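Reading through the structure tokens given below for one structure.
The values are calculated or read from the model by the stated rules, or taken from the named source; none is laboratory data. In this text, all values refer to a predicted model and were calculated from it rather than measured experimentally. Cβ placement follows ideal geometry from the backbone for every residue including glycine, while neighbour counts extend to all protein chains displayed. Note: areas computed on protein heavy atoms with side chains; ligands, DNA, RNA excluded. Shrake-Rupley method; radii C 1.70, N 1.55, O 1.52, S 1.80 Å.
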Amino acid sequence: MNYIELSKESAHRETLRLAEKIKADFVPDAVVFVAKGAYQIGLDIGEFFCVPVMEIFAERKSNHLKKVFSPILKCFPSKLKKALRSFEIKSDVHSARSDRNVYWGYIPPEATDKEFRNIILVDDACDTGNTFKQCVDMIKHTYPQANIKTAAINVFSSSLLMFKTDYFLYRDCMLSGPWSNDSLEHSKFILEYNVKWKK
């Protein structure tokens, strides 16, 4: 399995490539990103299309241990981090705990009370399809007339059995970026999110 490690700059370049793929047959009038990981992806795509960006949360019920151990993960050698990430993916833990706590996050004033027709939902990766499926259900409930498409930098083939991601760049890769708990840029990413987004 290929391992892709993205810096803030390379993630921005990859996101623009993803935006070009979307633009080929879909022009959104709003972007929704899965918080917090897809924050920068959402902002970059929103800027690309010059449309409002909204935040949605889809929290796994099993995230507690990950939060506890995340501060020390970034100190591990790269090979060990790759091995742990590979184990996590192969363990099928995400499929076993499919329920998400889905709710809207921050919505900027320019997006309030608007009726959007074409919405793109973005995340860094689609592991099982559960997050996308449940977020799409929430978006449809809020915007019943909207045509909703999904995009991620990476998808796993197994996820396509549950949910078809419309646009993606990579398939079956282990993906790490500034949004990842084990990234050396993670603290900076979270600080930026808190300062720039949560106004």
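If the cut-off is a Cα-Cα distance under 14 Å, which aspartates and glutamates reach K23, setting aside same-chain residues fewer than 8 apart in sequence?
D44, E47, D166
Tell me which residues come under 5 Å, amide H to amide H, from C173 once H is placed; ignore anything under 5 positions away on its chain.
V155
Would you calculate the separation in nanometres between label points at A24 and D166, each defined as 7 Å from the Cα along the Cα-to-beta-carbon direction?
Between A24 and D166, the simple spin-label model gives 1.4 nm.
Go through the range 148-160 residue by residue and turn each phi into a ³J(HN,Hα) via Karplus (6.51, -1.76, 1.60, θ = phi - 60°); whole Hz please, and just put x for glycine and proline.
10, 10, 10, 8, 8, 5, 10, 10, 9, 3, 4, 5, 5
In sequence order, what are the phi-derived ³J(HN,Hα) couplings for the range 171-177 according to the Karplus relation 6.51 cos²θ - 1.76 cosθ + 1.60 with θ = phi - 60°, rounded to whole Hz, with x for glycine and proline?
Each residue of the range 171-177 in turn: 10, 6, 10, 7, 10, 10, x Hz.
Can you pull the one-decimal nm distance between simple spin-label points at K188 and D113, each 7 Å off the Cα toward Cβ?
Rounded to a tenth, the inter-label distance reads 4.1 nm.
Grab the Cα-Cα distance for Q145 and Y3, subtract it from 0.36 nm times how many residues apart they are, and report the gain in nm with one decimal.
47.3 nm
Tally up the carbon and sulfur contribution to the accessible surface of the range 1-64 as a whole percent, 1.4 Å probe, everything protein left in place. If you can, show how the numbers build up before the last one.
Values: 1450 of 2960 Å².
The nonpolar share, carbon plus sulfur, comes to 49 percent.
Per residue of the range 135-141, in order, report the coupling 6.51 cos²θ - 1.76 cosθ + 1.60 (Karplus, θ = phi - 60°) as ³J(HN,Hα) in whole Hz, putting x for Gly and Pro.
Whole-Hz 3J(HN,Hα) from phi for the range 135-141: 5, 4, 4, 5, 5, 4, 5.
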